[in-house]
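Everything below concerns the one structure shown next.
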Number of protein chains: 2
Amino acid sequence: MEEVERRLSDALHRDFLFEKGRVLGSMCSKPEEIAVKYHALFSEANLGNRGLYPGTAMLEDELIADISELMHLRDGWGQFVGGGTEANITAMWIARNLSGKRKILAPESAHFSMRKAADLLAMELVDIPLTEEYVMDTDALSAAMDDDVAAVMAVAGTTELGAVDPIAEISDIAEDTFLHVDAAFGGMVLPFLEDMGMWKGDWDFRVEGVDSLSVDLHKMGMATVPSGILLLKDRRYVDSISVESPYLTTKRNIGLAGTRPSGSVAGAYAVVKTLGREGYREIVRKCMENTRYLVERMGEIGYEPVIEPIMNVVAFRTDRAEEIRAKMDEMGWKISSVRKPPAIRMVVMPYVTKEVIDGFTEALHGI
Amino acid sequence: MEEVERRLSDALHRDFLFEKGRVLGSMCSKPEEIAVKYHALFSEANLGNRGLYPGTAMLEDELIADISELMHLRDGWGQFVGGGTEANITAMWIARNLSGKRKILAPESAHFSMRKAADLLAMELVDIPLTEEYVMDTDALSAAMDDDVAAVMAVAGTTELGAVDPIAEISDIAEDTFLHVDAAFGGMVLPFLEDMGMWKGDWDFRVEGVDSLSVDLHKMGMATVPSGILLLKDRRYVDSISVESPYLTTKRNIGLAGTRPSGSVAGAYAVVKTLGREGYREIVRKCMENTRYLVERMGEIGYEPVIEPIMNVVAFRTDRAEEIRAKMDEMGWKISSVRKPPAIRMVVMPYVTKEVIDGFTEALHGI
């Protein structure tokens, strides 16, 4: 027993935990303590068998209602899922089953899970090139539309640059074709930037043509993994991906997962309700302040951002991206690289403070 | 804050928690406390970005090695997944991609996730009928084999009856066709039954033709959700389901999930290492003792089991299955029903004690 716990504690020290503050390349947050607490208390809940857990089911319903409201969805449907990848796969699964068609049109900046989705679902992923602002080129999208398109997908907060595709325009082009918005990261950033007048744009269900949207509460939502959410404009969509589940408390099982990890529902509920809109606004405000600070400090040592950061994701052009990433890694700093354009990339999560940024830019300047 | 916590505590009371002892229809266990503790401590780990969490990655490797050994897999490969459903989908994904074929042959007793897998992967599920012992009819399997079969799947511990398909025979028939074994429930029961001389049979990687096997540690493994494991005979299989992941710490991302909930890896590690083979043997011994007690008490009130229970899953024939299930539900007892043959079904998890069984059979007798 002691030996086992020693080994676990050793493993914990080996992980590059966020407290150590040297991870600038992750979109996962250190969850709030209240989320961890309630996740643990509800650790046996399994919403895959919903009838056994009416309490957790109630929390899920209430939280889905809150997040729906935040994304301007009325009379829709939503469910906790394993994360953005599962949400993207599920949305494409619905689009394929509803349409009987096989093409997915997605911007080159789409998350790599779209490649997974296409392969898994035996669909064809068509990459739509980007504009000079690194968002989906709508002319190219128009040109690619044809009779075999099952879905168009757009990103509200790209993984590499935090860019937001012109979703209203995309919706106009997509017309009746299923439109999915991947807001895994941006979904818990944009509403608060809008609140503070720091950004303006149409990206959620305010855009009439949006059929589904994914948002991860374990990223900027400060909840525990896995707290992905998939929202659907029309609850009838789920019929296309339901199977009979004879021996469960519900007659049909919806979505990809069987057992659904549901402690995180309680954890997410706790953190969303206690932080409230104001709490998130303050977190986003701080992250943006630190993002600007990072851009400033990087400027001092000769690095320019690829685009003016919209959210707390920022990449800096350099032809030595891979080399820098590897060297910084050796020194214990974890960043990522972007291939197009060649750049190094940082995510200014709440644990990335000005002190961390000072240490980081100092280390970077030295190499 | 207080209001939120009150609501959470209310939700916790509404759930039919295992402590209350009236859930006889769930395959999920109440996790051991040590699993919950370490899950919480590692709640920010995300093995989807493995390089950031070398400690958790080490625990995963070590635990996969232990479970591989338990399932007699040498030089294979394994990964934590979201559960049996994701494991089944992933195995079929590999089989389809490796073969370029589209049929899945599965016994009628296969978990409903096989229907999901087939739909998701655009494959065709062919139901193989069962024998009088409710296992896959191998003659029917032979007859169904053709050039378009991508995978054969068999079950070691069916959801409805706990039956074990004749896997060695199935392997002989499948020849070089990909063979997947769903041991989501049975995988953490059969090894210990074998240890105690209570069951004998070939069901895991001792059968040469087995290519993949799934086992859930959040069922009889006493770990937290989600602790599914997928084991593959050959690590090269994963190439068929990998995609490039440019901005992560690893160059390729393997499997279905992006973010991987990994607190449960630490939780599972803690519980598997502290219980040890002996600990699990004792749990299984007790569950089997209580299963026999349930069969005995049910016999006293006129119910006969569909098959002599191999593991702690048992169904009793009755034409009134749905009616009984509904009536028991009203009284707070949660059981499931089986359609073929019409039966009521119970899972004698560790929290289902003799006292619970007495209360249950008494209530059942009264209706």
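The values are calculated or read from the model by the stated rules, or taken from the named source; none is laboratory data. In this text the structure is predicted, and so the values were computed from the model without any measurement. Here Cβ is always computed from backbone atoms with ideal geometry, including for glycine, and neighbour counts include all displayed protein chains.
Considering the range B:178-198 alone, what residues qualify as being part of a loop (DSSP other than H, G, I, E, B) and touching a residue at least 40 places away in the same chain (Cβ under 8 Å)? Matches in the range B:178-198: B:Ala183, B:Ala184, B:Phe185, B:Val189, B:Met196, B:Met198.
Is it true that B:Ser227 is among the hydroxyl-bearing types (Ser, Thr, Tyr) and more than 21 Å from the chain's Cα centre (by Cα)? Here the answer is no, as B:Ser227 does not meet what is asked. Residue count for the range B:64-92, restricted to those that are crowded, with 24+ Cβ neighbours inside 10 Å and either at positive phi or assigned to a helix (DSSP H, G or I) (or both): 10.
Across the range B:250-294, which residue is farthest from the chain's Cα centre (by Cα) among those that are within 10 Å of chain A (Cβ to nearest Cβ) and basic (Lys, Arg)? Of everything passing the filter in the range B:250-294, B:Arg252 is farthest from the chain's Cα centre (by Cα).
Residues of the range A:199-248 that are within 11 Å of chain B (Cβ to nearest Cβ), surrounded by fewer than 20 Cβ atoms within 10 Å (Cβ to Cβ) and in contact (Cβ under 8 Å) with a residue 24 or more places away in the chain: A:Ser240 alone.
For B:Asp61, state whether it is in a loop (DSSP other than H, G, I, E, B) and in the same structural domain as B:Asp182 (by TED's automatic domain parsing).
The answer is no for B:Asp61.
Considering only the range B:21-40, I want to know if a residue exists there that is facing chain A (nearest Cβ under 7 Å), over 22 Å from B:Asp216 (Cβ atoms) and touching a helix residue (DSSP H, G or I) at 6+ places or on another chain (Cβ under 6 Å). Within the range B:21-40 (the criterion being facing chain A (nearest Cβ under 7 Å), over 22 Å from B:Asp216 (Cβ atoms) and touching a helix residue (DSSP H, G or I) at 6+ places or on another chain (Cβ under 6 Å)), the answer is no, since none of the residues qualifies.
Is at least one residue of the range A:123-141 in contact (Cβ under 8 Å) with a residue 12 or more places away in the chain, facing chain B (nearest Cβ under 9 Å) and not polar (S, T, N, Q)? Within the range A:123-141, one or more residues are in contact (Cβ under 8 Å) with a residue 12 or more places away in the chain, facing chain B (nearest Cβ under 9 Å) and not polar (S, T, N, Q). State all residues of the range B:137-158 that are surrounded by 24 or more Cβ atoms within 10 Å (Cβ to Cβ) and in contact with a Ser or Thr (Cβ under 8 Å, 6 or more places away or on another chain); if no residue qualifies, say none. Scanning the range B:137-158 gives B:Ala151, B:Val152, B:Val155, B:Thr158.
The condition of being under 22 Å from the mean Cα position of the chain (by Cα) and of a type in the set (Lys, Arg) does not hold for A:Arg102. A single member of A:Glu169, A:Glu175 is more than 14 Å from chain B (Cβ to nearest Cβ), in contact (Cβ under 8 Å) with a residue 24 or more places away in the chain, at positive phi and not basic (Lys, Arg), and it is A:Glu175. Do we find a residue being surrounded by fewer than 20 Cβ atoms within 10 Å (Cβ to Cβ), more than 14 Å from chain B (Cβ to nearest Cβ) and not in a loop (DSSP other than H, G, I, E, B) anywhere in the range A:302-321? Checked against the condition, which is being surrounded by fewer than 20 Cβ atoms within 10 Å (Cβ to Cβ), more than 14 Å from chain B (Cβ to nearest Cβ) and not in a loop (DSSP other than H, G, I, E, B), the range A:302-321 yields at least one hit.
Residue check: B:Ser262 meets all listed conditions (1) surrounded by fewer than 21 Cβ atoms within 10 Å (Cβ to Cβ); (2) hydroxyl-bearing (Ser, Thr, Tyr); (3) in contact with a Ser or Thr (Cβ under 6 Å, 6 or more places away or on another chain) but one, namely (1). Please go through the range A:220-274 and give me each residue that is among the charged types (D, E, K, R), assigned to a loop (DSSP other than H, G, I, E, B) and modelled with pLDDT of 95 or more, ordered by number. The answer is A:Lys233, A:Asp234. So, of the residues in the range B:45-57 that are surrounded by fewer than 24 Cβ atoms within 10 Å (Cβ to Cβ) and more than 24 Å from the chain's Cα centre (by Cα), which turns out to be farthest from the other protein chains (Cβ to nearest Cβ)? Among those residues, the one meeting the criterion is B:Arg50.
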